[in-house]
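Notes follow once the structure below has been shown.
The values are calculated or read from the model by the stated rules, or taken from the named source; none is laboratory data. As the structure is a computational prediction, the values presented were derived from the model and not from experiment. A quick note on method: Cβ atoms are made from the backbone with ideal geometry, for glycine too, and the neighbour counts reach across all protein chains shown. Heavy atoms of the whole protein, side chains included, go into the accessibility calculation; ligands, DNA and RNA do not. Shrake-Rupley method; radii C 1.70, N 1.55, O 1.52, S 1.80 Å.
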Amino acid sequence: VLAVPVLFKQTLENTETEEGKSVSLRCELTKADATVVWKKGEATLQASAKYEMKQKGTVAELVIRNAEPEDA
């Protein structure tokens, strides 16, 4: 049985926000509930007071709270 790879139907887009505000990044995948790992450079982001990861069906979302210039 061949495994069908998970692909992006809709990729991330650049999003701007004001410093101190929250920002949401979303992508859509070709397979529902696929495992998504959010990274900044080589570092894997973990759920915390700053980062919230959500996933519903094929849509994965990362919410960054209290955005700072370092989050670019």
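A few remarks follow.
- Over the chain, the fraction of Cα-Cα pairs per 5 Å bin, rounded to whole percents and listed from the shortest bin up, is 3, 15, 24, 24, 18, 9, 4, 2, 1, 0.
- The distance between label points at residue 42 and residue 25 comes to 1.8 nm (points 7 Å beyond Cα on the Cα→Cβ vector).
- Amide proton proximity set for residue 40, modelled H, under 5 Å, gap of 5+: 45
- Cα centroid separation, the range 1-35 to the range 36-72 (Å): 10 Å
- Each Lys and Arg Cβ is given +1 and each Asp and Glu Cβ -1; about its Cα centre, the chain then shows a dipole of about 380 debye.
- Paramagnetic reach from residue 33 (point 7 Å along Cα→Cβ, amide N under 17 Å) across the range 46-64: 54-61
- Treating r as the C-beta distance of residue 50 and residue 9 and R0 as 30 Å, the FRET efficiency rounds to 0.65.
- What the phi angles of the range 51-67 give under the Karplus curve with 6.51, -1.76 and 1.60, with θ = phi - 60°, is a coupling list of 10, 10, 9, 10, 8, 9, x, 9, 9, 10, 9, 10, 9, 10, 9, 6, 4 Hz, glycine and proline written as x.
- Accessible surface calculations at 1.4 Å, restricted to protein heavy atoms, place the chain at 79 Å² per residue.
- For residue 58, distant residues with modelled amide H under 5 Å away: 33
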